Amino acid sequence: MQRFSLSTDTCDLHRRAERDRKRHNDKVKEIIKENLGGIISQQDIITADKGKIVKIPVRGLELPRIRFDNDERERVGQGGGGTKQGDVLGRAPQEGEGAGKQAGQEAGVDFYEAELTLEELTDLVFEDLHLPNLEDRGVKQIMSEHAEFNSITKRGIASNLDRKRTLLEAYKRNAREGKPGWNIKNEDRRYKSWEVVTEPQRNAVIFAMRDVSGSMGEFEAYICRSFYFWMLRFLRKKYSNAEIVFITCHTEAKEVDEHSFFALGDSGGTRMSEAYRLAMHIIEQRYNPREWNIYPFLFSDGYNWGDSECVDLMRSLVDICNLVGYGEIANDIWSQSPHFAPLGQAYEEAFADEKRVCLVKINNKEDVWPALKAFFSKHPELQEVS
Amino acid sequence: MTHAEREYLEKWIDIITEAAAGYGLDCYPTHFEVVPDYVIYELGSYSLPARFSHWTFGRDYHRQKTSYEYGMSKIYEIVFNTDPCQAFLMDSNSMLSHKFVVAHVLGHNDFFKNNVYFEHTDRRMIEKVRLHSNRIHKYEEEFGPLVVEEFLDSVLSIEEHFDTGLTAQFRRKTPEEYEADRLRGDQKPATEYDDLWDIAEGDDPPEPPKGRKFPPEPEKDLLGFLRDYAPELEKWQRDIINMIREEMIYFIPQMRTKIMNEGWASFWHERIMTNLELTPEEHIEFRKLHSSVLSPGSKMSINPYYVGYNIFRDIERRWNGEGDPELPEEDWRGERLQRPTGEGMKKIFDVRRDEADTSFLRKYLTQGLIKQLDMYTYKKEEVNGEDLWVVQDTDWRKVRDSLLEGMTNFGIPMIYVEDADYDRHGELLLVHAYDGKPLDADYTARTLKYIHSLWKRPVHLQTQRDDQTIHFRHDGETFTETEL
């Protein structure tokens, strides 16, 4: 009897591992997406450099089992020699602490640490965000490009192998050759391929407005910056040619550059109507509403002089804009209350049935993400966060 | 691999196979396949070729392959318990590594063929799991991949809970058979001649039934029980439970003999390689490779290769009459061992045939070995507000007993189906056979949720913590924990 055989040229059409690996990665992303609220408001992510790896502990990617409580259990280990009673082997991981890739096999830890680049995280954040109610306006068409897997070639890389088509081709060829079956030859292989699709983009301008008065403390400023940080990334990624106008406002409104916009606040009183007035003025000068999709957003703590003036100005903005957003960062008593502060309340009463107005209340860092979703979902409706 | 390389390897496989046979290794024919790294890692993470698709395998594949790409770990070989035995070698291995791996594989091959616990394994399991995979794929097409995935998640979370004492011949009893056995009320084994006993004993009136609890006896085979009695499962779902259960049964002997199997293969790769005609460079490379495989564990665990290898070496030495006079040599009862001479080789072959890890360790992990291998017990302790892993004991009996204790039921809590009509509401009552080690409540809660998705009615689990009886309950939405 032959005691052994050797083969060195295995055909490898059976690559389910890549498919399952992708499914696992998708699940990791699903979980990250569910927890984006907590992740994207972290200081170190906002200040991160491009290309930085963000480590996110993810739970739930182990199937649960009925198992013993590891904290209570005595187990057996093995050292390099001379280990004595009382020797310390290491620090036990704390509750909620990740412990690297091999987690799950080590004691008491069931966290999987997903590693994403900031860019990948950004893609996840923006996957479902859109400029709402975008319409064809004007002549200054902007083109955007993206890749689509939509064709089949005879040459390609292994990971793009289209197994179904390959089998089909093999079956057809075998039938042609008069010996039906699934014998696969190199010539049968088919690969998925992509084409770059170009799509016209519409003109859009975004007004990023921010309350920089004395009542805007460190927390309020942080929320504001955090929201606009992600908004800018999102716009530059998906609508690379959209224009952005930065306005800061206390008792006077100023158009500023991006850098000063993100710098720390000012002091003094608050007249948010000035910001709207300046926005109106800029629209009249530079952005004809027949040619531009217009999106003004304002962030304030809701302590303001002249709320009715704001309501009037906002009403005239609604007539010419696709969506008008107001984000109220709750401080003091308002963070404990389900209601808006006076400015927000005035808007709420005035625009209860207006689909083009989006009001959001932000109580804590985790609310930044729902705010982004509220403003940049495809069909915005009047929403309140938390 | 070039033609010349292939011929060279073939020549050496022949030499090594010849050498193995010369030592008395009794192997199935082996089919060696040289494959790229990703195939090795795919095989490693699915445990069998062409097994069904699931994201947990994809996760393991990702982890193993990443770890390999970062140079942190490497799988040299994958071998499957089939006839002919199938072994896969990584194409980036050096020729010396190939020789090393071939010798190691033949050790596994002999073990699969001759260890008594493998006697009933299905040697055509690769064909079977391929069919399983096709069926599951068909269900994905019919019912949707996400529906099937969710169902697999539930089943896989309890895949360890079947009756580990099963052999391939086992057949479940129907409720009627259970009832009939119970009424018969004796301990006689059920055989095809059972009816003769009935004739012989005449027509004694059976005892009246004492209530209608089902299952009449606690049932350890949770998977089998759900497959047969979960009230609302569809046919394809029962089929999936059955397939997973069959695959798990196939893996049982390997789980049971991990330390022995790796120890045996390592023992033989060393014996064979040491006596081959290798160049001095090859000898050095072999020694490096050998010591990288056979090194102590990670402080928090033991290395089964290292422990098993040293036990086999120790047995051979002792049965050859080369005891170490400085170390007391006692058997597991504490009695002094009779020193045989010249029987080392015969003895290790007997051990590889007759034992599983638990008996192997109990009989042959001696005081001297535990000291030599620097084994200890450890536990979590709070020191100055910090949780640390602290060595508890190095006493050999305590270490050995703790090791064996951890291997009871493969280190998995023993769960029984107690009542399938709990509270007369068709709820499922499970009982944990508590042996002093409490359950992880959080994990248990999440698993119960999965069991609920199979049983479709509230699921209960009774266990203990510090002499207190605890009752867990999950109704699909909420989990409650009550102290009784």
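Odds and ends about this structure:
- Pair-distance distribution P(r) for segment B:235-374, from all Cα-Cα distances in 10 Å bins starting at 0: 10, 33, 31, 16, 7, 3, 0 percent.
- FRET efficiency for residue B:330 and residue A:186, using Cβ-Cβ distance with R0 set to 60 Å, rounded to 0.05: 0.40
- Counting only DSSP H runs of at least 4 residues, each contributing -39500 (n - 2.57), and dividing by the residue count of chain B, the helix-based mean residue ellipticity at 222 nm comes to -16000 deg cm²/dmol.
- Helix B:55-69 and the long axis of chain B differ in direction by around 20°, with both axes built from C-alpha atoms.
- What the pair-distance distribution of segment A:222-333 shows, using all Cα-Cα distances binned every 10 Å from zero, is 12, 46, 36, 6, 0 percent.
- Principal semi-axes in Å for segment A:303-385 [√(5λ), Cα gyration tensor, largest first]: 20, 17, 9
- Radius of gyration over Kirkwood radius for chain B, both on Cα atoms: the Rg/Rh ratio is 1.00.
- Each eigenvalue of the Cα gyration tensor of segment B:272-326, multiplied by 5 and square-rooted, gives one semi-axis; in descending order these are 23, 20, 9 Å.
- Cα gyration tensor category, rounded, prolate or oblate, for segment B:358-484 with a/c compared to 1.5: prolate
- Averaging the Cα positions of each part gives two centres, and for segment A:251-304 and segment B:454-484 these lie 58 Å apart.
- Distance (nanometres) between label positions extended 7 Å along Cα→Cβ at residue A:88 and residue B:353: 5.2 nm
- Amide H within-cut-off set for residue A:204, under 5 Å, with H built and near neighbours excluded: A:243, A:293
- For the set B:65/B:113; A:164/B:235; B:220/B:437, the pairs lying more than 22 angstrom apart at their alpha carbons are B:65/B:113; A:164/B:235.
- Around residue A:253: net Lys/Arg minus Asp/Glu count, Cβ-Cβ under 14 Å: -2
- The label-point distance for residue A:69 and residue B:421, in a model that sets each label 7 Å from Cα toward Cβ, rounds to 3.6 nm.
- Counting only alpha carbon atoms, the long axis of helix B:37-46 and the longest principal axis of chain B meet at about 30°.
- The modelled label-to-label distance for the pair residue A:222/residue A:285, using points 7 Å beyond Cα in the direction of Cβ, is 3.6 nm.
- Longest segment of chain B lacking chymotrypsin sites (Phe, Trp or Tyr not before Pro) that sit in a DSSP loop with at most 10 other Cβ atoms within 10 Å: B:194-484
- Shown here for segment A:170-249: chymotrypsin sites (Phe, Trp or Tyr not before Pro) in loop regions (DSSP other than H, G, I, E, B) with at most 13 other Cβ atoms within 10 Å, namely A:182.
- Distant-in-sequence amide H partners of residue B:299 (H built 1.01 Å from N, under 5 Å): A:78
- 16 Å tail of the calculated P(r), segment B:1-65, as % of Cα pairs: 62 percent
- Qualifying lysines (Cα of each under 20 Å from Cα of residue B:363; at least 8 residues distant if same chain): B:258, B:346, B:347, B:371, B:398
- Label reach from residue A:34 (point 7 Å along Cα→C-beta): in segment A:113-133, amide nitrogens under 17 Å belong to A:113-114, A:125.
- Under Karplus coefficients 6.51, -1.76 and 1.60, residue-wise ³J(HN,Hα) of segment A:63-80 in Hz, glycine/proline x: 5, x, 9, 6, 9, 6, 6, 4, 5, 9, 8, 9, 10, 10, x, 8, x, x
- The distance from the alpha carbon centre of segment B:352-412 to that of segment A:323-352 is 63 Å, rounded to a whole number.
- Projecting the Cα atoms of B:291, B:272, B:303 onto the charge dipole of segment B:250-303 (Cβ charges, centred on the Cα centre) puts B:303 farthest toward the positive pole.
- Average silhouette area of segment B:1-151, convex hull of alpha-carbon atoms, in square nanometres: 10.8 nm²
- Pairwise FRET efficiency - residue B:11 versus residue B:317, Cβ, R0 = 35 Å, nearest 0.05: 0.55
- Taking Cβ atoms as reference points and 12 Å as the exclusive limit, the residues near residue B:15 contribute a net charge of -1, counting Lys and Arg as +1 and Asp and Glu as -1.
- Loop-located GluC sites (Glu not before Pro) in segment A:278-370, at most 15 other Cβ atoms within 10 Å (DSSP): A:291, A:354
- Note on residue A:42 and residue B:397: with the Förster distance fixed at 51 Å, the Cβ-Cβ geometry gives a FRET efficiency of about 0.50.
- Phi angles of segment B:312-320 translate, via the Karplus equation with coefficients 6.51, -1.76, 1.60 and θ = phi - 60°, into HN-Hα couplings of 4, 4, 5, 4, 4, 4, 5, 6, 8 Hz per residue; Gly and Pro are given as x.
- In degrees, nearest ten, helix B:3-23 long axis to first principal axis of chain B (Cα): 80 degrees
- Cut-off 13 Å between beta-carbons: net charge of the residues surrounding residue A:306, Lys and Arg +1, Asp and Glu -1: -2
- Fully extended contour minus Cα-Cα distance, from residue B:26 to residue B:295, at 0.36 nm per residue: 94.1 nm
- Computed on the Cα atoms alone, the convex hull of segment B:244-299 gives a volume of 119 cubic angstrom per residue.
- Amide H contacts for residue A:69 (H built 1.01 Å from N in the peptide plane; partners 5 or more residues away or on another chain; cut-off under 5 Å): B:439, B:440.
Readers should treat all values here as calculations from the given coordinates under stated rules, not as data from a laboratory. None of the values given here were measured: they were computed from a predicted structure. Neighbour counts are summed over all protein chains in view; Cβ atoms, including those assigned to glycine, are modelled from backbone coordinates with ideal geometry.
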